[in-house]
1. Taking Tyr335 and the conditions (1) in a strand (DSSP E or B); (2) surrounded by 13 or more Cβ atoms within 10 Å (Cβ to Cβ), which numbered condition does it fall short on, given that it satisfies the others?
2. Does the range 338-346 contain at least one residue that is within 30 Å of Tyr173 (Cβ to Cβ) and assigned to a strand (DSSP E or B)?
3. Suppose we filter Pro376, Pro329, Pro386, Pro317 for residues that are over 24 Å from Gly36 (Cα atoms) and either assigned by TED's automatic domain parsing to the domain that holds Tyr243 or assigned to a loop (DSSP other than H, G, I, E, B) (or both); which single one remains?
4. From Glu195, Glu186, Glu199, Glu129, which residue is among the charged types (D, E, K, R) and not assigned by TED's automatic domain parsing to the domain that holds His237?
5. For the range 205-245, enumerate the residues that are of a type in the set (Lys, Arg) and either touching a strand residue (DSSP E or B) at 6+ places or on another chain (Cβ under 7 Å) or within 29 Å of Arg37 (Cβ to Cβ) (or both).
6. Restricting to the range 52-74, name every residue that is over 12 Å from Pro103 (Cα atoms) and either assigned to a strand (DSSP E or B) or at pLDDT below 95 (or both).
7. Identify, from the list Ile218, Ile256, Ile188, the residue that is farther than 30 Å from Arg174 by Cα and among the β-branched types (Val, Ile, Thr).
8. Starting from the range 346-357, keep only residues that are over 18 Å from Gly392 (Cβ atoms), then list their pairs with residues that are buried (at least 17 other Cβ atoms within 10 Å of the Cβ) and of a type outside the set (Lys, Arg) whose Cβ atoms are within a distance under 6 Å, requiring at least 6 positions of separation or different chains.
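The values are calculated or read from the model by the stated rules, or taken from the named source; none is laboratory data. Being a predicted model, the structure only gives us computed values, none of them experimental. FYI the Cβ positions are ideal-geometry reconstructions off the backbone, even for glycines, and counts take in every protein chain you see.
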Amino acid sequence: MRYLSGLNPIAKVVEILPQVKRISEVERVATWDAAGRVAARDVIAPYDYPPFPRAAYDGYAVSSDATPGRFRVIGTVLVGQYRRDLEVRGNEAVYVTVGAFLPEGADAVVPEEAVEREGEYVVVKAKYEKYANADPPGSYVRKGLVLLSQGTVVTPFDVVGLLDVGITTIYAYRRVKVGIIATGDELITPPIDPEVAAELVMRGKVIESTASLVTWYINTYMPYVSVEEKVVTSDKHEEVRAYVEKFLELYDAVIITGGAGPSEIDHFYKLGFGGLRGFRMKPGRPTSVAVVNGKPVFGLSGYPISALHGVIRIVEPVLRHMANVTKAPGLGWLYATITQDLHGEMAQIVRVKLEAGEGGLYAKPIKAKHHSFTEPEACGVALIPPGGVKKGDIVPVLAYRDVRRLGSAST
């Protein structure tokens with residue numbers, strides 16, 4: 001019983017982190033290719049954006065001081081056009097589409113459906129305040145604002161926000177490279193005829209799925225890691241050792257599934273790397289980790305749910321550290337308690353900051369006068385039903401930042 005009598009607490013995994021060599025190589029990456037990469041430097045807004053008021057609605061750009069009134073339409077500005085030659089004076093208007101910069105002299109947009117058209121004129125019957133239906137200059141970002149801090153895993157939402165303000169490249173750490181070794185004489189590996197596979201399973205064979213599940217989790221929730229190679233071996237320790245040594249030369253980390261003991265088939269023990277052998281977790285007690293010349297080697301159970309537990313509790317926090325991650329991506333849809341009343345007849349989507357509390361997750365709406373994803377504190381978007389919600393209501397949230405505290409006993 002090589003580990004069952006002295007299991008390590010989960011929190012002890014932090015003790016090996018100083019032995020792990022962090023990724024230091026930095027690459028310049030196009031922003032549109034940056035999702036899943038770890039920012040190697042703070043991403044700082046180089047200027048105020050937008051530089052001019054920007055239409056948030058299709059309609060007519062006017063001077064708010066001239067509303068209500070009758071306006072002569074003198075031109076059109078579509079999104080993507082740069083028309084600083086147009087200038088609105090007095091009771092003049094310019095037709096604009098969402099995202100277009102307003103011409104000089106205009107500071108509000110009257111929605112297309114809110115005007116009456118009379119030939120080359122439009123009639124506006126209501127008063128519109130400054131920046132009505134428009135994003136004010138600098139409302140997305142102010143020059144010098146840190147949009148992404150070093151160590152943040154870039155999400156598709158971040159890509160949208162950065163591109164929206166003209167940031168087209170970032171500096172990112174290279175991905176952590178991992179090799180996975182699935183062990184076991186009993187394993188059969190697809191592709192194989194399904195009927196033949198079913199017969200073999202009935203005779204005691206096992207279709208390899210544990211290493212595949214581990215690979216799926218890494219690809220889905222740890223995009224800063226690249227599974228470079230996955231092999232299936234027999235239970236012959238010499239074969240397993242040969243692959244471990246090969247992968248330690250080629251990659252940054254090695255994951256072994258199966259043959260976790262405490263029987264004679266105990267590859268991690270036979271490798272002799274030491275480290276932390278077995279953890280106080282169920283299932284997944286055989287989960288182990290050692291560091292060899294700065295590279296972590298993980299031993300996981302051959303049972304899928306046990307291996308998954310080991311990946312979440314042990315592998316993920318170690319590889320986060322190796323990848324220099326300080327802010328990880330979110331885990332998709334979840335439910336949270338809204339922290340304030342939100343009103344409105346229409347259904348809404350609202351940017352929120354997520355915080356973990358004794359009662360679960362709390363979603364704090366972020367006030368923003370624009371429609372982009374450039375709020376550094378935002379962790380996700382909440383869906384608000386027609387009619388709004390009351391403080392304390394439960395709402396669905398699409399989280400794009402992870403609020404878990406990995407590596408702690410409470411996780």
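1. Failing condition for Tyr335: (2).
2. No, the conditions are met nowhere in the range 338-346.
3. Pro386
4. Step by step, each of Glu195, Glu186, Glu199, Glu129 is checked, and only Glu129 is among the charged types (D, E, K, R) and not assigned by TED's automatic domain parsing to the domain that holds His237.
5. Lys205, Lys230, listed by residue number.
6. Within the range 52-74, Ala56, Tyr57, Gly59, Gly69, Arg70, Phe71, Arg72, Val73 qualify.
7. Matching residue, one of Ile218, Ile256, Ile188: Ile188.
8. The qualifying pairs are Ile349/Val381; Arg351/Glu375; Arg351/Ala378; Arg351/Val381.
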